[in-house]
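The values are calculated or read from the model by the stated rules, or taken from the named source; none is laboratory data. These numbers were taken from a predicted model, which means no experiment stands behind them. FYI the Cβ positions are ideal-geometry reconstructions off the backbone, even for glycines, and counts take in every protein chain you see.
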Amino acid sequence: MLPTVPSTSALPRMVLVSGDEELLVSRGVREVVHAARIHDPQVEIVDRAPGEFTESDVVDLTSASMFGGLRMVVVRGAQELADDLREALLAYISRPLDDVVLVVVHSGAARNRKLVDAMKAAGATVVPAARITRPRDRHDFVSAEVRRLGGQISTGAVKSLVDAVGSDLRELAAVCEQMVTDSGGTVDEALVAKYHRGRAETTGFAVADAAIAGDLPQALTVLRQTLANGVPPVLVVSAMTTGVRDLARVAAAGGGSTWELARSLGMPDWKVERSQRAARGWSDEGLAHAMRVISAADAAVKGGAVDPVYGLERLVTQIVSARGRTGGARR
């Protein structure tokens, strides 16, 4: 089932975002924030990352506002809350305030399930954000995403797009947005085939492939072409993330046939085969280092902390270098 978010016309006082799919979690919280700001443009928003919610926040949550107006408190990583903080939230849930919107983000883990049960029992709005693993659900996500963007997509095009991009929801969402924009709204199989055939040499995926293969000159050349064609830097970093993550998943899965790995990992067989070939030149140490530098680059690009061109060229160089890190290449 695809996730739903609260309507901006009716603002709930308690919202449970349940799941650990980053894209769906961020969308769920963002929609509640949007609804709250429509209800009260001056809403006070307190957004606590996992581990940051404290006793002081509990006091603020349970106290009446001195200045009136709406307040919104977001508690992320609720499955990690200490027992005393969990109990304080449970007490609040039983007696919520009218001028507060409480948003609790819980991964779905067993720990602190009492919070999930209590919020549901109290009538909280539930936003599903579970990780999508089944191919059918990914197809549904793509169809819904294109509709959300104001476009339409054929059944065959959905399958082709999922086969080409893979299981990463952020990648699927980014490609859907770009294709709806490029096509004017109608996405069919011919467009998907043309898109991936005609732009293969100038996409973030091509940059990632060259860098993972250790071809620095090719990776830098394709990177410059990609940026010149208007591909946003964040999509290049996202493609690098997906490429290295797929490589690590296939490498960690060990032996087995391409088909068996594709079925167990939920990846297209051609992507598994390509990752198997690439993994022979990588060590575990190199993969771990690559994931760290990509994570840092992602934060820098999104935060505008670096010049995008310089930051991406540095990232490509670091990925190529990581491929050659000691630790022994896989065989």
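Per-structure values
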| item | result |
| --- | --- |
| In region 211-261, residue farthest from residue 288 (Cα to Cα) [restricted to those that are small (Gly, Ala, Ser) and in contact (Cβ under 8 Å) with a residue 60 or more places away in the chain] | 219 |
| Residues satisfying the stated conditions in region 47-58, i.e. touching a helix residue (DSSP H, G or I) at 6+ places or on another chain (Cβ under 9 Å) and at pLDDT 90 or above | 53, 54, 55, 57, 58 |
| Odd one out for residue 145, checked against (1) in the same structural domain as residue 299 (by TED's automatic domain parsing); (2) crowded, with 18+ Cβ neighbours inside 10 Å; (3) among the charged types (D, E, K, R) | (1) |
| Unmet criterion (only one of (1) surrounded by fewer than 15 Cβ atoms within 10 Å (Cβ to Cβ); (2) at pLDDT below 75; (3) assigned to a helix (DSSP H, G or I)) for residue 277 | (2) |
| Members of region 136-162 that are under 21 Å from the mean Cα position of the chain (by Cα) and either farther than 13 Å from residue 175 by Cα or aromatic (Phe, Trp, Tyr) (or both) | 136, 137, 138, 139, 140, 141, 144, 147, 148, 159 |
| Total residues in region 104-153, condition outside any loop (DSSP other than H, G, I, E, B), in contact (Cβ under 8 Å) with a residue 60 or more places away in the chain and among the polar types (S, T, N, Q) | 1 |
| In region 271-294, the residues that are in contact (Cβ under 8 Å) with a residue 24 or more places away in the chain and small (Gly, Ala, Ser) | 275, 278, 279, 281, 283, 286, 290 |
| Check on residue 171, touching a Cys at 6+ places or on another chain (Cβ under 6 Å), in a helix (DSSP H, G or I) and of a type in the set (Asp, Glu) | no |
| Residue count, region 73-85 (criterion: assigned to a helix (DSSP H, G or I) and surrounded by fewer than 18 Cβ atoms within 10 Å (Cβ to Cβ)) | 3 |
| Given (1) free of Cβ contacts under 8 Å to residues at least 40 places away in the same chain; (2) not in a helix (DSSP H, G or I), number of the condition residue 96 does not satisfy | (1) |
